[in-house]
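Undergrad: Take a look at this one; I'll ask things after.
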Amino acid sequence: MTDLELMIDLDARLISDAMRLRFYPLAMERAQGCRVWDVQGKAYLDFAAGWAVVNIGYGHPRFKEALLNQLERSNFASLISGMHASALHLAEKLIALTPGDFPKKVWFGFCGSDANETVGRLLPIATGRRRLVSFIGAYHGATAASMAMSAHAAQSHFIGGGHVVKVPYPHPYRCPFGDEVRDCAQAAIRFLEDYIFKTICPPEDVAGIIVETIQSDGGDIVPPPTFLPMLADLCQRYGIYLVVDDVKVGMGRTGRMFSPEHFGVIPDVLVLGKALGNGIPLSAVVARKEILDAGVGLAIFTAAGNPLSCAAGLATIEAIEQERMIENAARVGAYLHQRLRALQAKHPLIGDVRGMGLMQGVELVRDRQTKAPAAREAAKVVYRAFELGLLIFYVGMFSNVLEITPPLILTEAEVDEGVAILDQALSDVEMGRVSDEVIAPYSGW
Ligand code: PMP
């Protein structure tokens with residue numbers, strides 16, 4: 001047995017299916033920059049960054065040094081029952097960086113799920129209002145409460161809490177109100193205000209509306225640019241807190257440090273995770289003081305805000321800022337978008353290309369007229385790209401959107417390299433060269 005075969009066997013026998021979302025047999029050995037090597041020494045260009053996590057790239061010297069320094073001093077200090085400098089510095093930094101010059105505080109956790117759960121718990125207590133509104137297609141997490149706030153097709157086996165009302169998200173390529181609707185964002189806001197608020201969900205009982213600026217796991221959906229400002233305005237008019245879940249597209253990915261900045265919108269609550277720790281578990285809620293102070297000890301996790309996680313967060317922010325990674329994400333992202341559009345002209349499978357900065361989605365369809373989702377084809381393209389040395393995943397309510405979220409240090413030459421592989425993978429799938437059998441073991445989502 002090769003090392004890889006051995007690992008595949010152990011993995012199948014030992015690792016729970018409940019934490020599986022597999023697209024191909026990747027067994028990572030080491031990684032540097034935007035490259036990953038597997039246990040057989042094969043190199044891959046990483047256009048996924050482990051689900052938009054490794055924004056500053058793998059093996060960043062500043063990051064390694066910060067973690068080693070912290071380990072030298074102490075591997076742990078409780079923030080729940082004590083203080084330490086890394087958490088205070090990181091909190092100070094986050095408060096300064098995030099939009100809104102009202103009194104703010106910071107809560108720390110380990111992942112996007114616990115952060116969103118905490119927001120969902122504190123908002124009703126802070127406001128005395130019982131309900132939350134979220135959007136169909138949203139992925140806010142995998143704990144019971146954050147699943148209840150989500151509305152992703154992959155989680156439809158789970159029945160969430162009845163206090164969360166879910167409404168349509170404006171998807172320009174597949175407007176839920178019909179293709180003939182001229183302004184999908186306006187239709188979504190009107191539906192919420194004129195129908196939902198006037199029927200099943202009185203606005204005076206709504207504590208918060210939680211939204212993703214780009215609905216990522218839902219299919220890398222970029223709503224019309226008027227959407228977030230209109231939603232912020234609606235929240236303002238009804239005294240509802242606006243929560244932006246920036247877990248996946250925050251930390252520079254869209255070409256701004258935080259995605260609402262593109263629209264001049266100041267959320268009351270900003271949720272961060274994934275790239276905040278560049279792979280070391282860390283999430284944060286940065287929000288109005290009165291929300292995060294709604295009760296003492298209401299969201300405690302023993303090791304939350306630990307010094308290693310906070311050191312990782314600080315080093316990540318410093319690297320993003322000092323090495324101009326946001327500018328790079330905007331510039332190289334625009335180039336990537338243009339190269340993907342050129343692929344669309346060549347491949348009938350591609351129905352739509354959309355994104356901001358280094359968050360790009362490529363929606364595959366069987367027919368450009370009917371827009372029938374090409375889910376099996378997406379699974380095959382992702383698998384074939386892996387064989388050819390490119391790591392990407394697919395997302396979407398219909399499992400048919402290729403997602404591209406590379407480290408923010410990606411170069412134009414690496415874009416060319418990755419797009420050439422994608423081009424080849426698309427051709428191979430279009431020509432029927434990738435069998436159903438090879439993708440059968442990988443359920444994806
Ligand atoms: N929010 C968003 C927008 C996400 O994309 C995700 C994960 N894909 C989460 C929250 C949950 O984060 P985690 O998996 O770290 O709990």
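Undergrad: Identify, please: which residue in the stretch 192-205 is over 25 Å from the mean Cα position of the chain (by Cα) and under 16 Å from LEU231 (Cβ atoms) and is, among those, most open to solvent (accessible area, probe 1.4 Å)?
TA: TYR195
Undergrad: Return a yes/no flag: does the stretch 13-36 have any residue that is away from the ligand (no atom under 16 Å from the Cβ), modelled with pLDDT under 95 and open to solvent by 20 Å² or more (accessible area, probe 1.4 Å).
TA: Yes: the stretch 13-36 contains one or more residues that are away from the ligand (no atom under 16 Å from the Cβ), modelled with pLDDT under 95 and open to solvent by 20 Å² or more (accessible area, probe 1.4 Å).
Undergrad: Can you tell me which residues in the stretch 109-139 are open to solvent by 10 Å² or more (accessible area, probe 1.4 Å) and under 14 Å from the mean Cα position of the chain (by Cα)?
TA: Across the stretch 109-139, the qualifying residues are CYS111, GLY112, SER113, TYR139.
Undergrad: Starting from residues that are in a helix (DSSP H, G or I) and among the hydrophobic types (A, V, I, L, M, F, W, C), keep the ones in the stretch 423-443 and report whichever is farthest from GLU377 (Cα to Cα).
TA: Looking at the filtered set, the residue picked out is VAL438.
Undergrad: Determine if the stretch 65-74 includes at least one residue that is in contact with a strand residue (DSSP E or B) (Cβ under 7 Å, 6 or more places away or on another chain) and open to solvent by 50 Å² or more (accessible area, probe 1.4 Å).
TA: No, because not a single residue in the stretch 65-74 is in contact with a strand residue (DSSP E or B) (Cβ under 7 Å, 6 or more places away or on another chain) and open to solvent by 50 Å² or more (accessible area, probe 1.4 Å).
Undergrad: Determine the pairs where a residue that is within 15 Å of TYR442 (Cα to Cα), located within the stretch 3-14, has a partner that is loosely packed, with under 11 Cβ neighbours inside 10 Å with Cβ atoms under 9 Å apart, the partner being 6 or more residues away or on another chain.
TA: Sorted first by the residue in the stretch 3-14, then by its partner, the pairs are ASP9/MET1.
Undergrad: Just to be sure I understand the filter: pairs with C-beta atoms under 6 Å, separated by 6 or more residues or on different chains, first member in the stretch 271-293 and among the hydroxyl-bearing types (Ser, Thr, Tyr), second member surrounded by 24 or more Cβ atoms within 10 Å (Cβ to Cβ). Which pairs pass?
TA: Every condition considered, the pairs that remain are SER283/GLY109; SER283/GLY112; SER283/ALA115; SER283/GLY273.
Undergrad: Moving on to the next point. Might you check whether a residue that is more than 16 Å from the ligand (Cβ to nearest atom) and either within 19 Å of the chain's Cα centre (by Cα) or not in a loop (DSSP other than H, G, I, E, B) (or both) occurs anywhere in the stretch 271-287?
TA: Taking every residue of the stretch 271-287 in turn, none turns out to be more than 16 Å from the ligand (Cβ to nearest atom) and either within 19 Å of the chain's Cα centre (by Cα) or not in a loop (DSSP other than H, G, I, E, B) (or both).
Undergrad: Of a type in the set (D, E, K, R) and within 20 Å of ALA232 (Cα to Cα), is that true of ARG190?
TA: yes
Undergrad: What number of residues within the stretch 136-161 satisfy the criterion of being assigned to a loop (DSSP other than H, G, I, E, B), polar (S, T, N, Q) and over 10 Å from ASP114 (Cα atoms)?
TA: 2
Undergrad: Mind checking which residues of the stretch 398-416 are open to solvent by 10 Å² or more (accessible area, probe 1.4 Å) and β-branched (Val, Ile, Thr)?
TA: ILE409, THR411
Undergrad: Being surrounded by 12 or more Cβ atoms within 10 Å (Cβ to Cβ) and either of a type in the set (Gly, Ala, Ser) or under 10 Å from PRO307 (Cβ atoms) (or both) is true for just one of LEU88, LEU79. Which residue is that?
TA: So the residue among LEU88, LEU79 that is surrounded by 12 or more Cβ atoms within 10 Å (Cβ to Cβ) and either of a type in the set (Gly, Ala, Ser) or under 10 Å from PRO307 (Cβ atoms) (or both) is LEU79.
Undergrad: Taking the stretch 316-364, which residues are in a loop (DSSP other than H, G, I, E, B) and more than 20 Å from the chain's Cα centre (by Cα)?
TA: Within the stretch 316-364, GLU323, ARG324, HIS347, PRO348, LEU349 meet the criteria.
Undergrad: Moving to a separate point now. Which of (1) farther than 20 Å from GLU92 by Cα; (2) open to solvent by 40 Å² or more (accessible area, probe 1.4 Å); (3) of a type outside the set (S, T, N, Q) does VAL353 not meet, given it meets every other one?
TA: Unmet for VAL353, out of (1) farther than 20 Å from GLU92 by Cα; (2) open to solvent by 40 Å² or more (accessible area, probe 1.4 Å); (3) of a type outside the set (S, T, N, Q): (2).
Undergrad: I would also like to ask the following. So the check is Cβ under 7 Å with 6+ separation or different chains; which pairs have a first residue in the stretch 381-398 that's among the small types (Gly, Ala, Ser) and a second one that's open to solvent by less than 10 Å² (accessible area, probe 1.4 Å)?
TA: ALA385/ILE392; ALA385/LEU422; ALA385/ALA425; GLY389/TYR44; GLY389/LEU45; GLY396/GLY218; GLY396/GLY219
Undergrad: Does ILE439 satisfy being more than 18 Å from the chain's Cα centre (by Cα) and buried (at least 16 other Cβ atoms within 10 Å of the Cβ)?
TA: So ILE439 passes the test.
This table checks each residue for (1) at pLDDT below 95; (2) of a type outside the set (Asp, Glu); (3) under 17 Å from the mean Cα position of the chain (by Cα).
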| site | (1), (2), (3) |
| --- | --- |
| GLU377 | no, no, no |
| PHE386 | no, yes, no |
| GLU403 | no, no, yes |
| ASP416 | no, no, no |
| ALA425 | no, yes, no |
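Undergrad: Is there any pair linking a residue in the stretch 295-309 that is at negative phi to one that is open to solvent by 50 Å² or more (accessible area, probe 1.4 Å) and of a type in the set (Asp, Glu), with Cβ under 6 Å and at least six apart or on different chains, and which?
TA: none
Undergrad: Now for a separate question. Among the residues of the stretch 88-109, is there at least one that is away from the ligand (no atom under 16 Å from the Cβ), in a helix (DSSP H, G or I) and among the small types (Gly, Ala, Ser)?
TA: yes
Undergrad: Of the residues that make up the stretch 390-397, is at least one surrounded by fewer than 20 Cβ atoms within 10 Å (Cβ to Cβ) and over 15 Å from LEU349 (Cβ atoms)?
TA: No: zero hits.
Undergrad: What is the residue count in the stretch 140-176 for residues that are within 11 Å of the ligand (Cβ to nearest atom), among the small types (Gly, Ala, Ser) and touching a residue at least 40 places away in the same chain (Cβ under 8 Å)?
TA: So the count comes out to 1.
Condition check ((1) buried (at least 17 other Cβ atoms within 10 Å of the Cβ); (2) out of contact with any Pro (no Cβ under 9 Å at 6 or more places or on another chain)) across all residues:
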| site | (1), (2) |
| --- | --- |
| GLY141 | yes, yes |
| SER146 | yes, yes |
| ALA151 | yes, yes |
| ILE159 | no, yes |
| HIS171 | yes, no |
| GLY178 | no, yes |
| ARG190 | no, yes |
| ALA207 | yes, no |
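Undergrad: For the stretch 241-278, name all the residues that are in contact with a strand residue (DSSP E or B) (Cβ under 9 Å, 6 or more places away or on another chain) and open to solvent by 50 Å² or more (accessible area, probe 1.4 Å).
TA: ARG256, HIS262, ILE266, LYS274
The values are calculated or read from the model by the stated rules, or taken from the named source; none is laboratory data. None of these values were measured; they are calculated from a predicted model. Quick reminder, even Gly has a Cβ in these numbers, built from the backbone with ideal geometry, and neighbours come from all protein chains shown. Just the protein is used for accessible areas: all its heavy atoms, side chains included, with ligands, DNA and RNA removed. Shrake-Rupley method; radii C 1.70, N 1.55, O 1.52, S 1.80 Å.
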